[in-house]
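J.: Pasting a structure here, questions to come.
Values quoted throughout were computed directly from the atomic coordinates according to the rules given, and no laboratory measurement underlies them. Source: prediction; values computed, not measured. Every residue, glycine as well, gets a Cβ built from its backbone with ideal geometry; the counts of neighbours run over all protein chains shown.
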Amino acid sequence: MSAVPSPGPERVRDAFAGLQATLDDTCTPQAGDCAYFLGRVHEELVGLEAAMKADPKGPGHFPEPLRWIAALRTTLDGDSSTENLEAHRTQLLGVRDRINVWMQDHPEDYR
């Protein structure tokens, strides 16, 4: 019996669409609604990073977004708990928003 291959990373366009879907959402710090929202933003950024690194254009095509995500990863230090995401909420949402602006200037990557 052979293992079923994993599908691999999403395409950048699809991963970016998931991140964009979080743009109009928000939460109240220390309220129960932040666990899902911040976790989702984090997961979307992780997925977008994987898609950018796997893109045929190469990761060099996405230098700023990959640098911003790497800085966030360093800040989070492997801890994606709600408490840590809430502690770094401003940076997490800032990276999301900066990537959104960057991608708007690169429509060929998401259309």
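J.: Mean Kyte-Doolittle of at least 0.0 plus a Cα span of 24 Å or more along the axis: flag which DSSP H helices in the chain meet both, please.
T.: Long hydrophobic helices here: 34-54.
J.: Counting Lys +1, Arg +1, Asp -1, Glu -1, what net charge surrounds Arg11 among other residues with beta carbon under 11 Å of its beta carbon?
T.: -3
J.: Compute the distribution of all C-alpha to C-alpha distances in the chain, in bins of 10 Å from 0, and list the percent of pairs in each, rounded to whole numbers.
T.: Result, from short to long distances: 14, 46, 29, 10, 1 percent.
J.: Tell me which trypsin sites (Lys or Arg not before Pro) from the stretch 33-70 have a DSSP coil assignment and no more than 16 other beta carbons within 10 Å of their own.
T.: Those satisfying the criteria are Lys57.
J.: Using a simple spin-label model with points 7 Å from Cα along the Cα→Cβ vector, what separation in nm is obtained for Arg40 and Leu23?
T.: About 1.5 nm, to one decimal.
J.: Which loop-located chymotrypsin sites (Phe, Trp or Tyr not before Pro) does the stretch 34-111 contain, where loop means any DSSP state but H, G, I, E or B and the Cβ has at most 16 other Cβ atoms within 10 Å?
T.: Tyr110
J.: Let me check I've understood the local charge: for Gln30, count other residues with C-beta under 14 angstrom from its C-beta, Lys and Arg +1, Asp and Glu -1. What total comes out?
T.: Cβ neighbours under 14 Å give a net charge of -2.
J.: Follow-up. From a point 7 Å beyond the Cα of Glu64 in the direction of its Cβ, which residues of the stretch 70-90 have a backbone N at a distance under 14 Å?
T.: The answer is none.
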